[in-house]
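Encoded as structure tokens, the structure appears first; notes follow it.
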Amino acid sequence: MTAASGNWREELRRWIQTPGARVHLMGVGGIGMAGVARLLAARGLQVTGCDGGAPRTLAWLRACGIPATTGHDAAHLDGVAWAVFSPALQPGHPERVAAEERGIPLYRRGQVLPVLAENRKTVAVSGTHGKTTTSAMIAHTLRACGADPSWCIGGELPPDGAPAGIGASERLVIEADESDGTLAHYAPEIAVIANVEFDHMEHFASKDAMVDCFRAFARQAQAVVVCADDPEAARIGAETGGVSYGFAAAADFRAEILEAGPAGTRFAMQAPGGRAATVFLPLPGRHNVQNALAALAACDRCGLALDAAAAALASFALPKRRFEAVAEARGIRVVADYAHHPSEIRALIDAAKQAGAVRIWAVFQPHRYTRTRALGADFPPAFAGVAGVILAPVYAASEPPLAGGTSEDLLKHFWRCDGPPTELAKNLEEAAALVAARWKSGDWVLVIGAGDVEDVGPMLKKRLGNETPEPA
């Protein structure tokens, strides 16, 4: 029996309702998988997991009482009743093969989480960009206002890096991933759609196919919250009678920025029913104001008092790898961010400028050959205004190399459009060395990407401790 079984949803309901049954998660170090493991354990299941890496996440799981092993081995399946696999584990992976050979029911993460969300007051946050930050804002606001939700979010939330938590109420906040099409499996109380830009070309054959996935998600929700500033999201909202938010004049929850500086952003919000509030968000970036509006609109639908929800955002802190300052010394600041789509990179650079950056260096690791090939020409303009770009090799995310989708191919796009000075590094160590040879006091370095490019941050931090940069 595999995840392709036609009655998988009913099967999963039975498994989840069988306390004490042992479930094994392959690739549990993935941040989304770790959250599912935590929710399953809270339902009384005996949960184990393994991963080839991800030491931070494995340590968090162990701290939660969930045995998490480094490395994959078919022996991990001994005594297992059913199993869940990460999207990163491709067909032919030894543990997947062993489970199939033993007849162990095998399911995708994107099948398990929608079933766990059934019969809960679920807020499911979707979108090409901003899902993690927006869902974290919603969970933070609900908790600050005493609603005590559970959550399962694709990021390491402060203060302890938890991607999931268990609350006493029936409210559940989840980040609903569209990358493999399983977004269409959710039927939440509240569906949030932050934006719909074409992405995940490894799964969706066209933008229309991706939009249809979001449309199915919205139609299955009891209430829909959409961004009025995004054409596709706004169109879905109009079709489903959704509440809108954004800077657009027609938005139901509308913002006007009053002050934007290094300490954060203050904005005025108009809400339905003539309500208004002034909100301070301790984050830079116009995109984060949109994320905050989405959180306020969703929390309003949850029944929170708008003033209390707005006040709660003043204490919000971003998840790890979202505008994360990883080093600051000798007048140089190094910031790591998960951005990997051109729109995200553009928003990141704008936020850095608001936060005080004048001269910016970018170390960028493209994520997936399919995305790099499909959006290659869109990347160079996203880096407008930076002093220079260091391109690391593509982070494959289990994809085979693809002609037109390598970092060498992307470099040619920078040359063709007369983009910022760009160099190609043969590995992350060389990328760190190249930017360290160029920085001066007062510079910012943005370490950008969704793969292991985050390792460049500690490399640069070490160099800042050992070298004296030139004066600006």
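Every read-out reported here was derived from the displayed coordinates using simple, explicitly stated rules and does not represent laboratory data. Being a predicted model, the structure only gives us computed values, none of them experimental. Positions of Cβ are generated from backbone atoms using ideal geometry, with glycine treated the same way; all protein chains shown enter the neighbour counts.
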* **Residues with amide H under 5 Å from that of THR265, placed H, sequence gap 5 or more** => LEU281, LEU283
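State whether region 26-85 is rounded, prolate or oblate according to the following rule on the C-alpha gyration tensor (a ≥ b ≥ c being the square roots of its eigenvalues): a/c under 1.5 gives rounded; otherwise a/b larger than b/c gives prolate, and the remaining case gives oblate.
Values: a/c = 1.60, a/b = 1.03, b/c = 1.56.
Verdict is oblate for region 26-85.
Please compare each pair in LYS412/LYS462; LYS353/LYS412; LYS426/LYS461; LYS131/LYS353; LYS353/LYS426 to a cut-off of 25 Å on the Cα-Cα distance and tell me which ones are over it. Before the final figure, lay out each step's value.
On the way: LYS412/LYS462 32 Å; LYS353/LYS412 27 Å; LYS426/LYS461 20 Å; LYS131/LYS353 23 Å; LYS353/LYS426 29 Å.
Long pairs (Cα-Cα over 25 Å): LYS412/LYS462; LYS353/LYS412; LYS353/LYS426.
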* Given SER86, GLY127, ILE257, which one lies farthest toward the positive end of the charge dipole of the chain, if we put +1 on the Cβ of every Lys and Arg and -1 on the Cβ of every Asp and Glu? -> ILE257
* Relative contact order (percent, whole number), the chain, Cα cutoff 8 Å, 6+ residue spacing -> 11 percent
* Per residue of region 384-391, in order, report the coupling 6.51 cos²θ - 1.76 cosθ + 1.60 (Karplus, θ = phi - 60°) as ³J(HN,Hα) in whole Hz, putting x for Gly and Pro. => 4, x, 8, 6, x, 10, 10, 8
* Using a 10 Å cut-off on Cβ atoms, rank the peptides 261-269, 34-42 from the highest mean neighbour count down. => 34-42, 261-269
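Would you please classify the overall shape of region 231-380 from the alpha carbon gyration tensor, given that a ≥ b ≥ c denote the square roots of the eigenvalues, rounded means a/c under 1.5, and beyond that prolate means a/b larger than b/c while oblate covers the rest? Before the final figure, lay out each step's value.
Values: a/c = 2.35, a/b = 1.38, b/c = 1.71.
Taking the square roots of the gyration eigenvalues as a ≥ b ≥ c, region 231-380 is oblate.
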* **Share antiparallel - DSSP beta bridges, the chain, percent rounded to 5** => 30 percent
* Structure fact -> Taking the alpha-carbon centre of each part, the distance from region 410-463 to region 89-116 in Å is 37 Å
* Pull up all non-local amide H partners of VAL192: gap of 5 or more, or a different chain, and H-to-H distance under 5 Å with H placed in the peptide plane. => ALA124, VAL125, SER126, VAL225
* **Cα-Cα pairs of region 117-315 separated by more than 21 Å (percent)** => 47 percent
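If each DSSP helix of 4+ residues adds -39,500 (n - 2.57) and the sum is divided by the residues in the chain, what number results at 222 nm, nearest 500 deg cm²/dmol? List each step's numbers first, then the result.
Working: 16 runs with 161 residues, N = 472.
Mean residue ellipticity, 222 nm, calculated: -10000 deg cm²/dmol.
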